[in-house]
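Each reported figure results from applying straightforward, stated rules to the coordinates on display, with no laboratory input. Worth saying up front: this structure is predicted, and the values here are computed from it rather than measured. Cβ coordinates were reconstructed from backbone atoms using ideal geometry, including for glycine residues, and neighbour counts include every protein chain displayed.
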Amino acid sequence: MRSLPKMRVLVPCDFAQAKKAIYEAAKISGPVYVRTGREKMPVFTTESTPFELGKISLYNEGKDIAIFASGAMVHEALLAAASLEKDGISAAVLNVYDLTEIDAGTVEKFARQTGSLLTIEEHQIKGGLGSAISECACETYPVPVRRLGMQMEFGQSGKGSELLAHYGLNSFGIIKATKEQLKNKK
């Protein structure tokens, strides 16, 4: 959807943010795709949590690696970051809820600050969040980027938590990918 001309793609991380995304979508002149999950999700944003189109929100400070996540993966990334902190790894977690206009300044800031990026999406790795962050980093401040998501394969049916585990998209998979990515750091 991100590659379609004039298409706005919004990927909220919880119910509160989905509500904001729908209100913003109603204001947009032109096509909008709001991608939501079907599983019950923890609500961890509030009415006062910023939601500005074209921006990326920082949910956890970190200096070793920056994890850019969208949708349901934001909560999993926060769980992973808390666990990584216990291992002495400081992971920034950023919520990318607008995949159309990527906040290049924020991507560059965290590429410079951490020297290593990880993207997480419950989506194919081509054409989504991972591609957008890679494109942006390549143009602003090139650093190693690992894209965690569907590896261009057809999905399967099952419970949401089982599928996240199967594809390595739960907090345990994120922890593993983060540690592997840090080995590639400049």
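Summary table
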item: Spatially proximal lysines relative to residue 159 (Cα-Cα < 21 Å; intrachain offsets below 8 disregarded); result: 40
item: Student exercise, the range 54-183 dipole from Lys, Arg, Asp, Glu Cβ charges, in Debye to nearest 20; result: 300
item: 152, 7 arranged by Cβ crowding within 10 Å, fewest neighbours leading; result: 152, 7
item: Peptides ranked, highest mean first, by Cβ atoms within 10 Å: ranges 17-27, 90-100; result: 90-100, 17-27
item: Relative contact order (%) - criterion: Cα under 8 Å, at least six apart; region: the chain; result: 21
item: Proximal charge balance of residue 163 [Cβ under 10 Å; K/R count +1, D/E count -1]; result: -2
